[in-house]
Every structure is written in structure tokens, then in C-alpha cells.
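Here the structure is laid out as C-alpha cells; the discussion comes afterwards.
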Amino acid sequence: MTGHRGQRAVVTHRERPAVRVGETMTSDQAPTVHDADSHERIRVHGARVNNLKDVSIELPKRRLTVFTGVSGSGKSSLVFGTIAAESQRLINETYSTFVQGFMPSLARPEVDVMEGLTTAIIVGQERMGADTRSTVGTATDANAMLRILFSRLGQPHIGSPQAFSFNIASASGAGAISIERGGTTVKERRTFTITGGMCSRCEGRGTVTDIDLTALYDDTKSLLQGALTIPGYSIEGWYGRMFAGCGFFDAEKPIREFSEKELYDLLHKEPTKVKIDGINLTYEGLIPKIQKSMLTKDVDSMQPHIRAFVERAMTFTACPDCGGTRLNEGARSSKVKGISIADACAMQISDLAVWARGVDDPSVAPLLTTLRETLDSFTEIGLGYLSLDRPSGTLSGGEAQRVKMVRHLGSALTDITYVFDEPTIGLHPHDIQRMNDLLLRLRDKGNTVLVVEHKPEVIAIADHVVDLGPGAGTAGGTICYEGTLDGLRASDTLTGRHLGDRATLKPTLRKPTGKLEIRGATAHNLRDVDVDIPLGMLVVVTGVAGSGKSSLVHASIPPGDGVISIDQGAIRGSRRSNPATYTGLLDPIRKAFAKATGAKPALFSANSEGLAPPAMAPG
């Protein structure tokens, strides 16, 4: 290259203008951004969901944004009720009308404009599946990888990955099939065999039940007299009418006078078509019907009166055939490095990760790498104390959210918007840094991460901070600050002022009025713990996640007068239940209206005389 006056100008590599992906060079060598790369922000304009007051905001994509503010300030309304809700609604509309008929109908959030949305995945604190076959391993695909590993390396070889699945039963069959060949139909006999890993006795649940018949019915009464004591089986309901009118036994005769066949039909009869009151129905014995409708669900997820009945009528014990492993003998016999897949799933995940690092076979090297990363993610997130065979329904809200996070870390999807609801809840400060590392890993895979959070340690790693407030409810719903963490500290917002606060010790302490003795506690991982809990004081039980705090408090404190357990379980009730009815606050309000109008309190109850027409009753 020749410059002015014949001098040669040397352009080094460092001096050359760089051209990034998505940019082109113009005639004067100035880079221009491709139109497809100009949509780098999520734009919300005029959001009015719940208490939001015409909120407008732009959020950067592929960054970690933390939403702060007091509880009730509008964080969830903006993140979950507006951004995530609209994303999911738009995705649902891409399905056919037939498929949408099976999906929940989502209304458009009350917002003027939303642009730049990507697919949103909500990682919330709701409990995971209530099916007893759902475990930590099945929920995170760790079980799927183990099944492939054992199907390849297990000795003796027993079959494909489904041979190690407790959700697939073994089956076989034979029959004739018709095949078109050369214009003629040829019949051939074929047989098939499916090798599954399900224990045939417990059907993959790990437990068997023994039913107390006295809890099902009062044998001194007839069916028409209301002998059935199962919730929902009253003689006025459909179940009661079906049993009373099926014709397989005398509904006017006390059950204790039933013949052996009548009692069998009442308790165990296989599904049979019957016609009752002109309606075609399928009759089935009490025990199989209860097993399908109640025993397949997690006990803790049931409504209180159903749970009380199940706990009274059913005795759950480990399956004697599989020892609670859910797997049949064939699946338990195949081993890798001396352990079976049942042993692997029962191991503490941190120990299982050590075992997985000791397995070395080039034929499954990529699989082993992914499995090790998944198991290490459990440890990094503070869940190394779990086991893969732990029922997912027994996880706390915080544990369930972190288990879902492990599943998404192994996902091949990118450019997704992940929405987290206080992911550090229940975490010891020691584990918060691990959670932060995983949030950053999700971001660095090219995803947008939106986090609703209160912990200063999580706010500190944010690329972008949005503070809502200034107060809660009607006093909130506005953007008080948007920018960097340093700017938030310097702002005069409620969150900014409290970032530098430090707790001080109380100058005086209460004296205990007694003690609550716990002796020899062995629930879960407790090792013969003895402790005296002082009464009349605020007592805090601390320790890292999985150290045994909940086992000590919820599983070891002796029940009795004055002990009320309040946990993180969801409030269960009908769809007519609301905070006013649940807390009892509505009772004095109804009485006040009744006194002022001279009417009965029942007139002001949506569940009684104040009930709206059937089409409007649920609201």
C-alpha cells in the first residue's frame, strides 16, 4: 500500500477494523449492524397488570436482570404476569386449534405494547409432579442417562434402556397379521416381547398398600343407608348412586349380610358396563377405583379431608418384592462397577458423582461427560445431599426450583428467557454463590435471565437492576430505579438505602419458660439427636441446606397441644377458596352486613344463599 509522497504505509493486524458476525463493511470501511441484530431488548410499554401503574421499560437480552423491591411492589406482576404470560400466550397460539382446546386459555395481559419477546420458561417454586412415579432422577433426565449407561455397560446385558425403567412394564403377546405381497394377502404369525424394568407387584411405585376395610364402609348399614364412608361416595352423589343401583348386590341389605360373591363384587369387581337411571356407566369395585383415584397421587398433594381418609384407611409399606427400588429383579441384577441402577439411584448424588467419574469407557464417553456435568450441577447448587430416587413430590419449594434449574442447565436450547422466583429461598449463605454461578452459566449460554430476588448477594451479580415500589400494593407499581448496582446503592430508593444495612444484636434476651424435649431423633439423616428447645422464645434452627433442619423441626418435634406446624406447602382448597375465607376474616364481615340489613349471614356467602347462578358461581 503506497501512501503520500511514495511512502509505504504498513497496516498491522491490530490496526485493521474488526468485522463482527452480523456486520458488513461499507465503502468507507464503517461497520453496520445487520437488521436482525437490532432486536436486542425486550420492550414493555404501558403495563397495568395488578398494581402496575402504566409501567414502561426496556430490558437487555442475553443479560442477567434482577428485579428488586418490597413484597407486593409489583415485581411478579411485571415479570410473571406480563412478560412471561404474554410469551407463553403467543407460543400457545402457534399450535393448532385442536391442540389449543386441551391447553389453558390465556388472556392477553393488560399492556399496550410488548416487543422483542423470546420463549419464556418459568422456573418457579411450585411443587413438582404429584405422581408417585416422579422422582428427582426422572425430573432431571439423570435417570434417562443412567438407563442408557447400564443398557450399554451393564453385566449381564438384559436389554435396551427401557429394561431399566420402573415406568415400563414387561409385556409379551402373539397373534396373526395380514401382509400384502404381490397383490395377495398373506397371514403370518408374529410374537412380540417388551422388556421393562417395572416391579410387577408395586407397579413402579416402590410401596404397596394394605387397606383397612372398616374405613371404607360401615357393615351394619346398607348402601342405601349410607354405608360407604369414603369421601365423595355419599348416596346422593354419582359414586354412591352407582354402587346402590348397579344390581350386583342388594342395596337394602346390610353389608355384613352380603354373600361371598356380593362382597367380591362390591370390593374387587373388574370394570363392567352398567346402565343406571338411563345413563351408561362403567362399574368397578371399591378397591381398584380407590387405587386409581387416590393411591396414584402423592398424599401431601391431596385435599385435607382426602388425605385424612387415605392416612386412616391405607397402610403404606415398602414393596417386599423390589425392596422399595421400584425395579424388577432383572433390572437389579445388571451392574456396572459392582453397583446396580437401583443402588446408583439410592446413593447420595455427591457420592454418585464420584462413582460416575470412575466409570471410563470410550463407547459412552459423551454420555458420561453429560451425566457427570448434571450430577456436579446438583452439588454446585447445594442439592448434593439428595438421591435420584427421592420422590419429587417431597421436595420443598426451594428444592423443587433448583432441581428444575439443573434440568435447564443441561438443555441444548439457547436464546431462551428464563424467569426465576427467588431462587435462593431456603439456601444457606454458603450455597448462594453456587446458585449465582449457575445463573451466570445460564446467561452465558446466550439466554436472557430474569430474577425476582431480595438477597443482596444475587443483586450484586446483576448486569441490570430494576427496582419497583416504592411501597407495596397501591403504594407500589412504579419503576423507582433502573440501571447498575452502583447506581442502585447511590439512589434514594428503599432498596438502595437497605443494601448497606447490617443487623445488630439485641441488648437483652428473653428467658425461657420451659423446654420441649427431643430425644433420639433419627428422621431422614438425623443421627440420634437429643436437643431441648426452649419455650416462650424465638428459636432459629440454622445449617446448610440438607443438614437436617426440617427433619428436626417437622419430623421430630412430638405432636401435642400448642404445636402448630406451618410449612411452605401450598394452601389447598376449592376454587372458591380465597384469603378472606381461609383466614376466617369473612365471618365477621358477613355478620356485620347481616346485622346492618337484617338478613341472614348466609345471604352474604358465595357458598350458601348468596351463591350466584351456576354459570357465575366460581367467579
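The values are calculated or read from the model by the stated rules, or taken from the named source; none is laboratory data. Just so we're clear, the structure is a prediction, and the values are computed from it rather than from any experiment. When we count neighbours, we look across all protein chains shown, and the Cβ atoms used for this are built from the backbone with ideal geometry, even at glycine. Areas reflect the complete protein model, heavy atoms only, side chains present, ligands, DNA and RNA absent. Shrake-Rupley method; radii C 1.70, N 1.55, O 1.52, S 1.80 Å.
Listed values, structure above:
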| item | result |
| --- | --- |
| Number of positions in segment 239-269 that are at pLDDT 85 or above, within 24 Å of Arg307 (Cα to Cα) and open to solvent by 80 Å² or more (accessible area, probe 1.4 Å) | 1 |
| Segment 105-122, residues that are among the hydrophobic types (A, V, I, L, M, F, W, C) and surrounded by fewer than 11 Cβ atoms within 10 Å (Cβ to Cβ) | Ala107, Val113 |
| Condition check for Ala176: open to solvent by less than 60 Å² (accessible area, probe 1.4 Å) and either among the hydrophobic types (A, V, I, L, M, F, W, C) or part of a strand (DSSP E or B) (or both) | no |
| Looking only at segment 408-431, and only at residues there that are over 18 Å from the mean Cα position of the chain (by Cα) and at pLDDT below 85, the one that is least open to solvent (accessible area, probe 1.4 Å) | Asp431 |
| Search result, residues across segment 183-210 that are in contact (Cβ under 8 Å) with a residue 60 or more places away in the chain, more than 21 Å from Gly137 (Cβ to Cβ) and open to solvent by less than 80 Å² (accessible area, probe 1.4 Å) | Val208, Thr209 |
| Number of the exception - Leu213 against (1) at pLDDT 85 or above; (2) of a type outside the set (Val, Ile, Thr); (3) open to solvent by 50 Å² or more (accessible area, probe 1.4 Å); (4) more than 17 Å from Asp277 (Cβ to Cβ) | (1) |
| Residue under evaluation Ser170, criteria (1) farther than 30 Å from Ser377 by Cα; (2) surrounded by fewer than 16 Cβ atoms within 10 Å (Cβ to Cβ); (3) not charged (D, E, K, R), criterion not met | (2) |
| Where a residue in segment 341-353 is without any contact (Cβ under 8 Å) to a residue 60 or more places away in the chain and at positive phi and its partner, wherever it lies, is surrounded by 17 or more Cβ atoms within 10 Å (Cβ to Cβ) and outside any helix (DSSP H, G or I), with Cβ under 7 Å and at least six apart | none |
| Helices (runs of 4 or more DSSP H) contained entirely in segment 322-408, each with at least 2 residues that are among the charged types (D, E, K, R) | 329-333, 349-357, 365-380 |
| Residue in segment 330-344 that is closer than 25 Å to His524 by Cα, open to solvent by less than 60 Å² (accessible area, probe 1.4 Å) and in contact with a strand residue (DSSP E or B) (Cβ under 6 Å, 6 or more places away or on another chain) present | yes |
| Where Glu236 falls short, out of the listed (1) at pLDDT below 85; (2) surrounded by fewer than 16 Cβ atoms within 10 Å (Cβ to Cβ); (3) not in a loop (DSSP other than H, G, I, E, B) | (3) |
| Subset of segment 368-390 (residues that are under 24 Å from Asn167 (Cβ atoms) and either charged (D, E, K, R) or open to solvent by less than 50 Å² (accessible area, probe 1.4 Å) (or both)) | Leu368, Leu371, Thr374, Leu375, Ser377, Phe378, Leu383, Leu386, Ser387, Leu388, Asp389, Arg390 |
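Table: residues versus (1) touching a Cys at 6+ places or on another chain (Cβ under 6 Å); (2) over 18 Å from His305 (Cα atoms); (3) among the hydroxyl-bearing types (Ser, Thr, Tyr).
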residue: Ser200; (1), (2), (3): no, yes, yes
residue: Glu203; (1), (2), (3): no, yes, no
residue: Val208; (1), (2), (3): yes, yes, no
residue: Thr214; (1), (2), (3): no, no, yes
residue: Lys221; (1), (2), (3): no, yes, no
residue: Thr229; (1), (2), (3): no, no, yes
residue: Ser234; (1), (2), (3): no, no, yes
